[in-house]
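Quick notes on the structure that follows.
The values are calculated or read from the model by the stated rules, or taken from the named source; none is laboratory data. These figures come from a predicted structure and were not determined experimentally. Cβ: placed from backbone, ideal geometry, glycine included. Neighbour counts: every protein chain shown.
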Amino acid sequence: MSTIFKRTKILATVGPSSSTQEQIEAMITGGANGFRMNFSHATFDSAAAAIDTIRTASRNVGKPVAVLQDLQGPKIRLGMLRENVNVSAGDELILDHAVEHDGGHMLPVQYNLAAKVQPNQPLYLFDGKVKTTILEIVSDTAIKVRVENDGVLMSKKGINLPDTDFGGDIITEKDIADIRWGADKDIDYVSLSFVQSADDIRKLRTMLREYGSSARVIAKIETKAAIDNGTLEEIVRISDGVMVARGDLAVEVGPEVVPIAQRRIIALCRKYGKLSIVATQMMASMVDNPEPTRAEVSDVATAVVLGADTVMLSDETAMGKYPLETVAAMKRVILYTQDNAPPAPISEVLGDENTQRSAIGSAAVKLAEELKAEAIVAETKSGATARDIAAFRPNLPIVSVTSDQRAAQQLALIYANKSFVRPDGETAGLELARELQRQNFFDTEKATVVIVSGRQPGVIGATDTIRVRVLE
């Protein structure tokens, strides 16, 4: 290929550092394939403006990109503090859902913990920086905790309770309002925070359908309950994709657990042909510095070698000083890694419920690689054919042609995929391949492509044919 093509995709978070059309266009041109809106902070007005900006930039660049709505979920936070509060080991704090801060150690919280917690359970403040132990429930709205280490507390910082069972109560009233608002907006994915079971995903999917949304569902894995072996596999199977939310996951289960959990999640996503996203602190130092650390480069490279579909940037692009440089640095790591270390093989095949489609995807990849083809062309309505092919991690591009704009945008985050919107037709894939040949997309005068299609163009689930064509 003459076009520089990365197989692992980049999802960037929008924020103050990436809010203008010029910035978004530059990020798309520089390697971003999708944009995340963090609804822990976004307002309806800011989110609507971001979607409009992203779509305009996407059209200007001529490249489909995905938009992801990241729901806050039951992310428990401190309320507003008058000022930062210094705490020391041995201090006792009252966390109360019904008070305002008066400057002391009685702190407001945005969730009624008294209804859920038990004495002697651990409770972490400021996203794990301050550890406490729950001593007692002192009222219908308040609990008392003992501080275990020195630290400082700030307004609206996160609280984690790894041993507390929230009983499936994870889709909050705020989430429901955000889901309802986004249902008729141009949103491709909705991610659910603090998933504990597959039932949480089923509830969200039902809700999206009731509101008329066509967005796909992403499960964020960041709880102890979710990484239980049987539970995790069921969550992956029932979701459209999974995000390894390593920040809260590290606090909930211990940082030493996260690398192994990440490997399992990516492997299961490949097994079932689901989107995998690795998130949190991938290049965190670039919030303030123009170059990543060696550890961050290794972290991104590891995700590529494991075969992740997408790597995500959070504060780096939302609030950092160097959003464009961060995208560029991540792209360099992806390109070098994919050229020198192909994804680790996964011995398991895809789920039994997709046996025929999975076999076709596997055969297409093997045939293309044996023929040294320039691309696999997937004719797809919903994107399922392209995802099935991507599950086998080909070392060449998957050129997807679909008549559905939503499918094209969703495929922007799928491994090795480059999507195009074209009308349905028996020769749609071949015509697109010839068009790309004329545009010098391939770096050879006679490009070989493997075309995967069905005898009923535009019909979901009808893929049954593999053809080889030489373009001159």
For this session: Quick one: in the stretch 270-324, of everything that is surrounded by fewer than 21 Cβ atoms within 10 Å (Cβ to Cβ) and basic (Lys, Arg), which residue is modelled with the lowest pLDDT?
Result: Lys271
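Given the condition touching a Lys or Arg at 6+ places or on another chain (Cβ under 7 Å), under 30 Å from Gln338 (Cα atoms) and outside the structural domain of Leu411 (by TED's automatic domain parsing), answer yes or no: does some residue in the stretch 60-74 qualify?
yes
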Problem set entry | Residue that is farthest from Asp150 (Cα to Cα), among those in the stretch 97-128 that are part of a loop (DSSP other than H, G, I, E, B) and among the hydrophobic types (A, V, I, L, M, F, W, C) | Ala98
Exercise. So how many residues does the stretch 23-45 have that are in a helix (DSSP H, G or I), closer than 22 Å to Asp184 by Cβ and either without any contact (Cβ under 8 Å) to a residue 12 or more places away in the chain or in contact with a Leu (Cβ under 7 Å, 6 or more places away or on another chain) (or both)?
Worked result: 1
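Okay, residues lined up against (1) part of a helix (DSSP H, G or I); (2) within 23 Å of Ala363 (Cβ to Cβ):
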{"residue": "Lys381", "(1), (2)": "no, yes"}
{"residue": "Val399", "(1), (2)": "no, yes"}
{"residue": "Leu413", "(1), (2)": "no, no"}
{"residue": "Pro423", "(1), (2)": "no, no"}
{"residue": "Ala433", "(1), (2)": "yes, yes"}
{"residue": "Ser453", "(1), (2)": "no, yes"}
Problem set entry | Residue within the stretch 299-307 that is touching a residue at least 60 places away in the same chain (Cβ under 8 Å) and under 30 Å from Asp163 (Cα atoms) present | yes
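For the condition modelled with pLDDT under 95, at negative phi and buried (at least 17 other Cβ atoms within 10 Å of the Cβ), what is the one hit in Gly182, Gly230, Gly158? Outline the logic, then answer.
Values: Gly182 fails: modelled with pLDDT under 95; Gly230 fails: buried (at least 17 other Cβ atoms within 10 Å of the Cβ).
It is Gly158.
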Exercise. Are any of the residues in the stretch 437-452 out of contact with any Lys or Arg (no Cβ under 6 Å at 6 or more places or on another chain) and on the phi > 0 side of the Ramachandran plot?
Worked result: yes
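Any residue at all in the stretch 285-298 that's out of contact with any helix residue (DSSP H, G or I) (no Cβ under 8 Å at 6 or more places or on another chain), closer than 21 Å to Asp388 by Cβ and not hydroxyl-bearing (Ser, Thr, Tyr)?
Going residue by residue through the stretch 285-298, those that are out of contact with any helix residue (DSSP H, G or I) (no Cβ under 8 Å at 6 or more places or on another chain) are 288-289, 294-295, 298.
Filter once more, keeping what is closer than 21 Å to Asp388 by Cβ: none.
Checking the stretch 285-298: not a single residue is out of contact with any helix residue (DSSP H, G or I) (no Cβ under 8 Å at 6 or more places or on another chain), closer than 21 Å to Asp388 by Cβ and not hydroxyl-bearing (Ser, Thr, Tyr).
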Exercise. Which one of Lys174, Lys131, Lys144, Lys185 is part of a loop (DSSP other than H, G, I, E, B), of a type in the set (D, E, K, R) and either more than 30 Å from Gly383 (Cβ to Cβ) or over 17 Å from the mean Cα position of the chain (by Cα) (or both)?
Worked result: Lys185
Exercise. Quick one: would you say Ile4 is modelled with pLDDT of 95 or more and hydrophobic (A, V, I, L, M, F, W, C)?
Worked result: no
Exercise. Within the stretch 47-80, how many residues are acidic (Asp, Glu) and not in a strand (DSSP E or B)?
Worked result: 1
Seminar exercise, completed: Checked the stretch 138-161 for anything more than 22 Å from Lys224 (Cβ to Cβ) and of a type in the set (A, V, I, L, M); matches are Val138, Ala142, Val147, Val152, Leu153, Met154
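From Arg438, Arg387, Arg434, Arg406, grab the single residue that is farther than 24 Å from Ala359 by Cβ, in contact with a Leu (Cβ under 8 Å, 6 or more places away or on another chain) and not aliphatic (A, V, I, L, M).
Answer to the check: Arg434.
When you go through Gly454, Gly425, Gly429 one by one, which is the residue that is in the same structural domain as Ala359 (by TED's automatic domain parsing) and surrounded by 24 or more Cβ atoms within 10 Å (Cβ to Cβ)?
Numbers: Gly454 fails: surrounded by 24 or more Cβ atoms within 10 Å (Cβ to Cβ); Gly425 fails: surrounded by 24 or more Cβ atoms within 10 Å (Cβ to Cβ).
Result of the check over Gly454, Gly425, Gly429: Gly429.
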Exercise. Quick one: what pairs do we get from the stretch 81-95, first residue over 12 Å from Val130 (Cα atoms) and assigned by TED's automatic domain parsing to the domain that holds Glu148, second exposed (fewer than 10 other Cβ atoms within 10 Å of the Cβ) and of a type in the set (Asp, Glu), C-beta under 7 Å, 6+ apart or different chains?
Worked result: none
Problem set entry | Residue, farthest from Ser193 (Cα to Cα), within the stretch 74-128, restricted to residues that are within 32 Å of the chain's Cα centre (by Cα) and basic (Lys, Arg) | Lys116
Seminar exercise, completed: Quick count over the stretch 325-342, residues being modelled with pLDDT under 95 and crowded, with 23+ Cβ neighbours inside 10 Å, is 0
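This table checks each residue for (1) farther than 15 Å from Asp96 by Cβ; (2) outside the structural domain of Ile94 (by TED's automatic domain parsing); (3) loosely packed, with under 15 Cβ neighbours inside 10 Å.
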{"site": "Val130", "(1), (2), (3)": "yes, no, no"}
{"site": "Thr133", "(1), (2), (3)": "yes, no, yes"}
{"site": "Ser139", "(1), (2), (3)": "no, no, yes"}
{"site": "Val147", "(1), (2), (3)": "yes, no, no"}
{"site": "Met154", "(1), (2), (3)": "yes, no, yes"}
{"site": "Phe166", "(1), (2), (3)": "yes, yes, no"}
